[in-house]
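Reading through the structure tokens given below for one structure.
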Amino acid sequence: LSTAAKNTATQRPVLLVPLDSRPPCREFVVNGGRIVGREIITPPTEYMDYYSMAGDTHAMRRWLAENMAEADAVILSIDQLLSGGLLAAREAHISADDIAALAAYLRALHASHPNVLLHAFYILPRAIPQDGIEGWRERRALLAYARLLGRAGEGLPIDVDEMERLRGAFPDDDLQKYLAHFDESTALAAMLIDLTEEGVLTRLVLGQDDGEEYSVGNLKKAELAALLAQKNIAPERAMIVHGADEIALSMLARIAVDKLRAAGGELPRVSLRYAGAVMDGAVFPFMAVSNDVTAREKIAMLGASLAEDGEDSDLTLFISAGDSNADTLGTRAPAAAAIKAMLAAGTPVALVDLSRHFHAEETLLPILIEKNVPVNALTAYAGWNTASNAIGTALSEALLYHCAMQRAESDEKRNAAAYANLAFLTGRIAEDAFYLKETIDRVNNTLRIAGYQNTADLDLTRNWRFANDLLVNDLNRRIRSYESTAACRAPFQQGDMQLRLVRSNIMAYYPWPRTFEVRLESQPAIEISP
């Protein structure tokens, strides 16, 4: 199987200009490409952003123009191409000249390579004021004021006295800078919609970063939705969605679904199921909409169809949204039993394991392990950061694997897809469950005890090696404990093969000078029985 995992792609590669240099934006897409046998070519590291340092946009544009002829598709982050990454884009001033120059560049790029499909995505501004606006109290008051602006813009009643009080808590220049950022972003997005209408862009996805129920961003998003309707651009060509970091992986999955359909395959059917009755309508942190709205949006974005109750489906998207304040803990044992039954029946299950407070105690995975559910039989697992990140990642992985197995023409390709998918799965379990819900807290606490107070801004010359030693030792200990469980050791079926995970073989380190991101790779060792 390890030999099959090295199977090279028979199709031309996909070029990826990532949103930024974090692993979800780059490595997830590369690893997703391995599932479907697609080589993903990424820019040289020196052209990319590094934490707060913006990427080299001029070098990036040259690299893209020089390498497009080698590919049959491009997944293109406009934030990286224009501003040098997501963090830089959050602070950037975008002039009319910047927008015009980018439009001219993209038109020329398409004219030079008309057969290379351009799949572009751009992240609309988040509600939180820019870091360049100084003063914690001022930024907090400005955000509260912006929420009221959002409510008023939707015609809802507001507390006028409170709005006036907040208005006096920050300088007028801060408000103008904040609002101008949304205006500039909307002008850029409108230009991208025009290029989609022209056919320069094959597909456009506008993502909303860290949304809220009421915000200035929501009002601007409504303007862009009206523009799409006015131009009558089909949803499969241009969509506005919730999320950011997972969008490139989702676009890769959509390309795979399109390839499957073009080869005569059927539209993938996804059954949607929740661990508890209240979880579908719950709105989780950093989200503007409920889990159910997000899930249905992702299913549509990826080109799949939602199977109604009782209908056959190709996979089940199972969402557990744990919230200790909402009495959802009692749903976990029945949910584990349901997943165990589905896996025993051969139903592919993509598990989204959300936690409102980002605590392991709210997640489903510990109960799956306790109940001896064969975790490695899951088709996908995700539980990181926001609901849109996790739902988009799990569904993308599951659909990539579905497309790979549907199109595989040999045992070697099926084996390669199975191995790549298991590597993706074990990596997500190690990071989303063990690192982000457990290890990160122990590392941060140890750093603080040692005198390093700001774990979001590590000094690489003094404590990066110390932090990495803490990470490796704690994560390896946790994974060894997991690998000794019956849930991990249980054999599982993949087509005609019975597989068993022997070791996850996780490698991890901090790619940026903060502990929130970890670069993690899994090269699992597997036993195979015919």
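Structure notes:
- A 1.4 Å probe, protein heavy atoms only, puts the accessible area of HIS58 near 130 Å².
- A cut-off of 5 Å between modelled amide H atoms, ignoring neighbours fewer than 5 places along the same chain, links VAL502 with ALA525, ILE526, GLU527.
- Surrounding net charge for TRP63, when Lys and Arg each add one and Asp and Glu each subtract one, Cβ distance under 13 Å: -2
- Under 15 Å from a label point set 7 Å out along the Cα-to-Cβ vector of ASN445, the amide N atoms of the range 457-479 belong to 471, 474-475, 478.
- Protein accessible area in the chain, 1.4 Å probe - carbon and sulfur %: 49 percent
- Separation in nanometres of the label points that stand 7 Å from Cα toward Cβ, at ALA190 and THR45: 4.2 nm
- Cut-off 14 Å between beta-carbons: net charge of the residues surrounding PRO285, Lys and Arg +1, Asp and Glu -1: -4
- Once the Cβ-Cβ distance of ARG62 and ALA456 is raised to the sixth power relative to R0 = 25 Å, the FRET efficiency obtained is 0.15.
- For the range 177-275, the fraction of alpha-carbon pairs in successive 5 Å shells from zero, as %: 2, 10, 18, 20, 20, 14, 8, 4, 2, 0, 0
- Heavy atoms of the protein chains alone define the surface here; on that basis the chain has 41 Å² accessible area per residue at 1.4 Å probe size.
- Set of lysines near LYS221 by C-alpha distance (under 25 Å), chain-local residues within fewer than 8 positions excluded: LYS177, LYS231, LYS298
- Averaging 1/r over each pair of different alpha-carbon atoms in the chain and inverting the result gives 24.0 Å, the Kirkwood hydrodynamic radius.
The values are calculated or read from the model by the stated rules, or taken from the named source; none is laboratory data. Please read these numbers as outputs of a predicted model, since none were measured by experiment. In this analysis, Cβ positions are derived from the backbone assuming ideal geometry, glycine residues included, and neighbour counts consider all displayed protein chains. The protein model used for the area step is the full one, side chains on, heavy atoms only, and it has no ligands, DNA or RNA in it. Shrake-Rupley method; radii C 1.70, N 1.55, O 1.52, S 1.80 Å.
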